[in-house]
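Enquirer: Input: one structure, supplied below.
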Amino acid sequence: MKHTVKIFFLLTMLFQHIAYADSPLKVAVAGLNHDHVYLLLNLYKEKKVEIIGIAEANNILADKIQTQYNLPKSVFYQDLPSLLKRVKPDVVLAYNPTNEHINVAEICLPLKIPVMVEKPMATTLADANRIAALSKENKTAFFVNYETTWYKSNQQLKQLIDQNAVGAVTRMIVKDGHEGPKEIGCSSYFLDWLTDPQKNGGGALMDFGCYGANLMTWIKNGERPISVSAITHRLKPEVYPKVEDDATIILNYRDGSTGIIQASWAWPYSVKDLQVFGTKAQLYAQNDKTLLKYVQHNDKPTVIPTDQTYFENHIQYLAHVLSGNQLTEGDLGSISNNVTVVEILEAARRSAKEGKAIVLN
């Protein structure tokens, strides 16, 4: 399809384990109001990445981070264009509202500076397509980071599927979410936009529905579903009055297989799991490390080792990719996968609003 952009720098399923480069990756940060930024900041404390610039207009938040992580005051800028006039990073990492990812792409990609944003890629398909076009036009990489990309259980599961270990895939089920962003203690800076229907594009549907859409598109080797159906609820309207906090999305594929995405801010506990049923067996990635194989429901499952070498996080991955290693298309962080993810999420929002399945053209 026209929005599926082919790029040459995307990930194979398994690599030799790599250490961090002798010279750490030099990164600039666009925004600090996404709590996933603390993963990066902790890597900075461990000297596994070099932060050479941070663009954050909120001085209170910038001062808080500067003090907490003992960052030089000189790396802070009011905005991204000002930062990029002074420094040239290896990559810009965006930790800002999802609807601002397009702005980061518009600034960085024409300057030939690669970008990685936190999931999902964009709030609208129009923005996702624009980002894809910018990446292609400027021959510059754009990536999307998901926590579940670095789950060794998921990587091993995909290898087994590709080796026909379960037969033809008939059903995929993903559960993602937690008790709620407010309930688990997300910062006020994060909550302000995560619960905003414009800045986040929705609530739990966007925040956690994207994981399932990402994994299912990967398992299906980039295939788009033929239709998307969704039901959303506000189980805690007093806590999240503006957006849905619970969503169920059903993807139907041309071969008759089905994907079921259960995304919620109302689970009794945090969960990120993946089940894939085939004509011969079932694989169940319970968490980041545990992978089970079922052949008969009543039989004890086989525990599949997940000790293969793989990237530990997005910084290791970027260091490998941006050093010139050629990677295959369709990776979990790829543009081609993530444009489809946004297409699915947009169709799911429409389906929930209109009360009908949305057929994709």
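Only the coordinates and a few stated rules stand behind these numbers; no lab work does. Here the structure is a predicted model, which means the values were calculated and not measured. For neighbour counting, all protein chains shown are included, and Cβ atoms are generated from backbone atoms with ideal geometry for every residue, glycine included.
Enquirer: May I ask you to compute the full-extension gain from Val239 to Val359, defined as 0.36 nm times their residue separation minus their alpha-carbon distance, rounded to one decimal in nm?
Expert: Computed gain between Val239 and Val359 is 39.9 nm.
Enquirer: Modelled label-to-label distance, Arg254 and Ser188, 7 Å Cα→beta-carbon offset: nm?
Expert: 5.2 nm
Enquirer: Please give the helix 125-138 orientation as an angle from the longest Cα principal axis of the chain, in degrees from 0 to 90, rounded to the nearest 10.
Expert: Between the helix axis and the principal axis of the chain, the angle is about 60 degrees.
Enquirer: Just for the Cα atoms in region 178-297, what are the lengths along the principal axes, largest first, rounded to whole Å?
Expert: That works out to 46, 31, 22 Å along the principal axes.
Enquirer: For n ≥ 4 DSSP H runs only, could you compute -39500 (n - 2.57) per run for the chain, divide by its residues and tell me the 222 nm figure to the nearest 500?
Expert: -9000 deg cm²/dmol
Enquirer: A further question follows. Between [x] 20.4; [y] 17.7; [z] 16.7, which matches mean projected area of the Cα convex hull in nm² calculated for the structure shown?
Expert: Correct label, based on the coordinates given: [y].
Enquirer: Moving on. Beta carbons within 10 angstrom, averaged per residue: use that to sort the peptides 295-301, 152-158, 67-73, highest first.
Expert: Descending packing order for the listed peptides: 152-158, 67-73, 295-301.
Enquirer: Rounded to the nearest 0.05, what FRET efficiency is calculated for Ile231 and Glu50 with R0 set to 51 Å and r the Cβ-Cβ distance?
Expert: Here the calculated transfer efficiency is 0.65.
Enquirer: To the nearest 0.05, what FRET efficiency results for Lys300 and Glu147 with a Förster distance of 22 Å applied to their C-beta separation?
Expert: 0.15
Enquirer: Work out, step by step, the length gained on full extension between Asp63 and Asn164: first 0.36 nm times the residue separation, then minus their alpha carbon distance; give nm to one decimal.
Expert: So the chain would gain 31.1 nm between Asp63 and Asn164.
Enquirer: Using a ≥ b ≥ c from the Cα gyration tensor of region 155-202 (square roots of the eigenvalues), is it rounded, prolate or oblate, where a/c under 1.5 gives rounded and otherwise the larger of a/b and b/c decides, a/b for prolate?
Expert: prolate
Enquirer: Additional query: Taking 41 Å as R0, compute the FRET efficiency from the Cβ-Cβ separation of Asn70 and Asn103 and round it to 0.05.
Expert: Calculated value: 0.90.
Enquirer: How far apart, in nm, are the 7 Å Cα→Cβ label points at Asn42 and Ala133?
Expert: Roughly 4.0 nm, to one decimal.
Enquirer: Also, quick follow-up: Give the distance, in whole Å, between the Cα centre of region 200-233 and the Cα centre of region 238-256.
Expert: Spelled out, the Cα-based centre of one part sits 8 Å from the other.
Enquirer: Among 30-36, 102-108, 60-66, what's the highest-first ranking by average C-beta atoms within 10 angstrom per residue?
Expert: Answer by packing, highest mean first, reads 30-36, 102-108, 60-66.
Enquirer: What does the highest-first list of 303-311, 123-131, 348-356 look like by mean Cβ count within 10 Å?
Expert: My ranking of the peptides, most packed first, is 123-131, 348-356, 303-311.
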